[in-house]
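Note sheet for the following structure.
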Amino acid sequence: MHCDRLWSDARLATMAGSDLGIVDHGVVAARNGRIVYAGPAADAPTLAADETIDCAGRWITPGLIDCHTHLVHAGDRAHEFELRLAGASYEEIARAGGGIASTVTATRAATEDELVASALPRLDALIAEGVTMIEVKSGYGLSLDAERRMLRAARRLGKQRPVGIATTFLGAHALPPEYTGEPDRYIDLVTDTMIPMLAHEGLADAVDAFCEGIGFTPAQTRRVFDAAALHGLPVKLHAEQLSNLHGAALAAGYGALSADHLEYLDDAGIAAMARAGTVATLLPGAYYFVRETRLPPIAGLRAAGVPIALATDCNPGTSPLTSLLLVLNMGATLFRLTVEECLLGITRNAAYALGLGDEIGTLEAGKRCDLAIWDIERPAELVYRMGYNPLHARIWSGRCA
Ligand code: DI6
Ligand code: FE
């Protein structure tokens, strides 16, 4: 078999199957940006490669996937962080007009170029740790023009760096000030104008909402999801982060790709997610940063077989975090996930959370050749260390990048 590139003498964690899929003496071969073989060297077909890269026993995993971020936004909220240190709560700050609203003001004032420029350093931090696919949400514009600008900026990130970008329209993130007291009228704008336009322009790969006391009600969330369905877009939901509005079950009823956060998820929500195959995307950075004490129901998710993903939730208010490796450690330390669960959570299950399970997330023939090559002795090191980056090389679409 002819291939463009062959990575030889590697140890693999393929993430295919129900565990890490470890191969001690492995090779990966790529052609036209796709994996044509990944597995034991002994079982490989005869491979004629244009270029062979000797990995000298290093580990190869799938490229990492950050499946929940608000990477594009203007400004920061360091000042609110100081207020919180002085005792104010996230909800108090939000009710006093800070919180999401302050990032909305900054984002509305930014040009598309400025949004791209301010997101690039955050993107580069993720890329430097082996991330090859990133989901980016809108939701700080809250007008057609500003939401469109955010989504365009997100798409441009994927042209400026060798990385995959999936965009999610999060118009129902917060109530913009010009709609104070009229949330349903704002939802009209989301469902009747924003979703149709942005879907038509190809700017959104999915639709999300913030179903929460300080966000939107389940009834409003349904309206958003109905509009998404009408325009052929899959949905996901910020659910059960601060309270239990039964958002995860609602989302599962729409076949949601994922329900995210989930600290307040109950048994009925777990069962609904299991039935629908909805991924539980846990966000330990936000849990840590807002000093939440209620843990997501990990044991229940596990028992029900709900796939668990982990992500940064990179956002200026509740998770100013740009390290997916640190998320691994937080997943294990704060949520008591196993090493296996953590690593599957930023590879295979993160791909499912984006509806890209057939395309990325494992080392298997036919998938995009996105690889992370590590200077480690065992996969657990990726979860164990804090603030240390053992990435040796990152491959995106078959190319060293
Ligand atoms: N949940 C979150 O944790 C972020 N958005 C959301 O819906 C917070 C967004 C922010 O505070 O800017
Ligand atoms: Fe979020």
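The values are calculated or read from the model by the stated rules, or taken from the named source; none is laboratory data. Source: prediction; values computed, not measured. Using ideal geometry, Cβ is built from the backbone for each residue, glycine included, and neighbour counts are taken over all protein chains shown. In case anyone asks, the SASA skips ligands and DNA or RNA and just uses the protein heavy atoms, side chains included. Shrake-Rupley method; radii C 1.70, N 1.55, O 1.52, S 1.80 Å.
Annotations
- With protein chains left intact and a 1.4 Å probe, residues in the range 238-324 average 32 Å² of accessible area per residue.
- Placing dummy labels 7 Å off each Cα toward the beta-carbon, the span from residue 365 to residue 109 is 5.7 nm.
- Sulfur and carbon atoms: percent of accessible area, the chain [1.4 Å]: 52
- Of all DSSP beta bridges in the range 250-401, antiparallel share, percent nearest 5: 55
- Here r is the Cβ-Cβ distance between residue 9 and residue 160 and R0 is 30 Å; the resulting FRET efficiency, rounded to 0.05, is 0.35.
- Helix axis angle, 267-276 relative to the chain longest principal axis, alpha carbon, degrees: 60
- Hits among lysines - C-alpha to C-alpha of residue 159 under 23 Å, sequence gap 8 or more where chains match: 137, 367
- Neighbourhood charge, 9 Å Cβ-Cβ cut-off, centred on residue 390 and excluding it, Lys, Arg +1 and Asp, Glu -1: -1
- Theoretical FRET efficiency, 1/(1+(r/R0)^6), r = Cβ-Cβ of residue 184 and residue 378, R0 60 Å, to 0.05: 0.65
- Multiplying the residue separation of residue 338 and residue 385 by 0.36 nm and removing their Cα-Cα distance gives an extension gain of 15.5 nm.
- Cα long-axis angle, helix 112-127 against the chain (0 to 90 degrees, to the nearest 10): 40
- Å² of accessible area per residue within the range 29-173, as computed with a 1.4 Å probe and no ligands counted: 38
- Stretching residue 120 away from residue 231 to a fully extended chain increases their span by 36.9 nm, per 0.36 nm per residue minus the current alpha-carbon distance.
- Residue 102 accessible area, 1.4 Å probe, all protein chains in place, Å² to nearest 10: 50
- Kirkwood-type radius of the chain, with distances r between different C-alpha atoms, in Å: 21.2
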